[in-house]
Amino acid sequence: MKITFCLPSISRKPIGGYKVVFEYANQLVALGHEVNIFFLVDKQLSKITSSNFIKRIIGNIFKRPKWFTLLPQVILKVTPYSDGRDIPKADFVFATAISTVDFVKKLDNTKGRKAYLIQGFENWAMSDEEVRNTYSYGMLNIVVSKWLRDIVVKTDKNVKLISNTIDTNKFYVEKDISSRNPYQLAALYHVDEHKGFPIAFEAIKRVKSQFPELQLALFGVPAEPKFLEDWITYKRAATPLQLKKIYNAASIFVCASINEGFGLTGAESMACGCALASTAYAGVFEYARHNENALLSDINDIDSLTNNIIRLIEDQELRLRIAKQASEDMRGNSWHTNAIKLEEILKNELLGSCGDKYE
């Protein structure tokens, strides 16, 4: 099959939604399919120039990500045009975010059957009603988590589910869990409100006041935050190898997300042997179970999150049990398996007989 993915812009720093698309692209070409990834650079580069010719030149310079290794068979292209003239004929063309869904909707049918990889309920830029309306465009809707399926199925009863996963060939226990410093924490630094970092950081500071020896390793995409102190480190745009080292050095991973489709970093940390202290946002239930392989607290509940972190520090037996169970639960996850599921859904769609196997 020929498959096209449309991404909203070029990203020179790690983004979870892009990582998912890149993983699928690698696996699909390995399965023998032709994959194009198009970066829609019009809005992104309009701040620099109004010339589409120059936008294309700039885009071609920066289109290949340095933070993710894409197989050379994956074809990367940029388009400065909003009318889809550059998009090739294919079997399928994917919208990958709400900012690309209208672009794909307007494409003529020669560009491929239209599909929508729904990676979150993206209501931070528009109303809930407007978001739900995109699910009624008549595309093949594929969601990455059960809670998203429960939302989309109200609009599209044929929605397909392929729960996100992580690459356990990249993320795994390297440092023995029982030998780790219980006062070493890790967290994702993010400026978007729905990621809830201020809640996580406030909880961590409260824990620090009780345990002065606490250390925190932050990573993320934004510039280095101004609040860093001598007990906090920050790694910007960490590679998968660097992330694995950060996770393996930590005993506890802290997350206070409010709204995420899945939450890759929480799952990655668990695979690497961290005990996860997280808010109970919808996406985390794809892999986390309270008091079994994680400790979960209500969204925006700083007191509860703080107490869960303290419990994991003080109760070594609890921390080790949760961390070991988490790493065991994440074993065997594979983007290859997910790609085979996607391949089957697309083949069934081409045959006009989509089954319910993955619903």
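The values are calculated or read from the model by the stated rules, or taken from the named source; none is laboratory data. Treat the numbers as computed from the prediction; the structure is a model and nothing was measured. Please note: Cβ atoms are built from the backbone with ideal geometry, for glycine as well, and neighbour counts cover all protein chains shown. For the accessible areas, the whole protein counts, side chains as well, though only heavy atoms, and no ligand, DNA or RNA atoms are used. Shrake-Rupley method; radii C 1.70, N 1.55, O 1.52, S 1.80 Å.
Just to check your reading of the model, which residue among 88, 80 is in contact (Cβ under 8 Å) with a residue 24 or more places away in the chain, more than 28 Å from residue 189 (Cβ to Cβ) and touching an Asp or Glu at 6+ places or on another chain (Cβ under 7 Å)?
Among 88, 80, only 80 is in contact (Cβ under 8 Å) with a residue 24 or more places away in the chain, more than 28 Å from residue 189 (Cβ to Cβ) and touching an Asp or Glu at 6+ places or on another chain (Cβ under 7 Å).
Quick check: is even one residue across region 246-264 open to solvent by 10 Å² or more (accessible area, probe 1.4 Å) and without any contact (Cβ under 8 Å) to a residue 60 or more places away in the chain?
Looking for residues that are open to solvent by 10 Å² or more (accessible area, probe 1.4 Å) and without any contact (Cβ under 8 Å) to a residue 60 or more places away in the chain, one finds none in region 246-264, hence no.
Kindly provide the set of residues from region 119-162 that are among the aromatic types (Phe, Trp, Tyr) and in contact with a Lys or Arg (Cβ under 7 Å, 6 or more places away or on another chain), ordered by number.
The answer is 137, and nothing else.
Residues checked against (1) open to solvent by less than 10 Å² (accessible area, probe 1.4 Å); (2) in contact with a Gly (Cβ under 6 Å, 6 or more places away or on another chain); (3) part of a helix (DSSP H, G or I):
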{"position": "284", "(1), (2), (3)": "yes, yes, yes"}
{"position": "300", "(1), (2), (3)": "no, no, no"}
{"position": "304", "(1), (2), (3)": "no, no, yes"}
{"position": "307", "(1), (2), (3)": "no, no, yes"}
{"position": "320", "(1), (2), (3)": "no, no, yes"}
{"position": "326", "(1), (2), (3)": "yes, no, yes"}
{"position": "333", "(1), (2), (3)": "no, no, no"}
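Looking only at region 25-46, filter to residues that are out of contact with any Ser or Thr (no Cβ under 6 Å at 6 or more places or on another chain), under 19 Å from residue 97 (Cβ atoms) and open to solvent by 50 Å² or more (accessible area, probe 1.4 Å); which one of those is modelled with the highest pLDDT?
46
Open to solvent by 50 Å² or more (accessible area, probe 1.4 Å) and among the aliphatic types (A, V, I, L, M): is that true of residue 125 in this structure?
yes
Taking residue 131 as the residue in question, decide whether it is at pLDDT 95 or above and either of a type in the set (Gly, Ala, Ser) or surrounded by fewer than 21 Cβ atoms within 10 Å (Cβ to Cβ) (or both).
Yes; evaluated as a whole, the condition is true for this residue.
Tell me, which strands (runs of 3 or more DSSP E) wholly within region 73-135 include 1 or more residues that are farther than 17 Å from residue 10 by Cα and aromatic (Phe, Trp, Tyr)?
In region 73-135, 92-95, 113-118 are the strands (runs of 3 or more DSSP E) which contain 1 or more residues that are farther than 17 Å from residue 10 by Cα and aromatic (Phe, Trp, Tyr).
Mind checking whether some residue in region 22-31 is part of a strand (DSSP E or B), of a type in the set (S, T, N, Q) and under 21 Å from the mean Cα position of the chain (by Cα)?
There is no residue in region 22-31 that is part of a strand (DSSP E or B), of a type in the set (S, T, N, Q) and under 21 Å from the mean Cα position of the chain (by Cα).
In region 265-282, how many residues are assigned to a helix (DSSP H, G or I), open to solvent by less than 10 Å² (accessible area, probe 1.4 Å) and touching a Phe, Trp or Tyr at 6+ places or on another chain (Cβ under 6 Å)?
Here the count works out to 4.
Looking at region 325-337, which of its residues are touching a residue at least 60 places away in the same chain (Cβ under 8 Å) and within 11 Å of residue 276 (Cα to Cα)?
327
Tell me which of these residue 292 doesn't satisfy, since it passes every other one: (1) out of contact with any Ser or Thr (no Cβ under 8 Å at 6 or more places or on another chain); (2) closer than 24 Å to residue 234 by Cβ.
Going through the list (1) out of contact with any Ser or Thr (no Cβ under 8 Å at 6 or more places or on another chain); (2) closer than 24 Å to residue 234 by Cβ, residue 292 breaks only (2).
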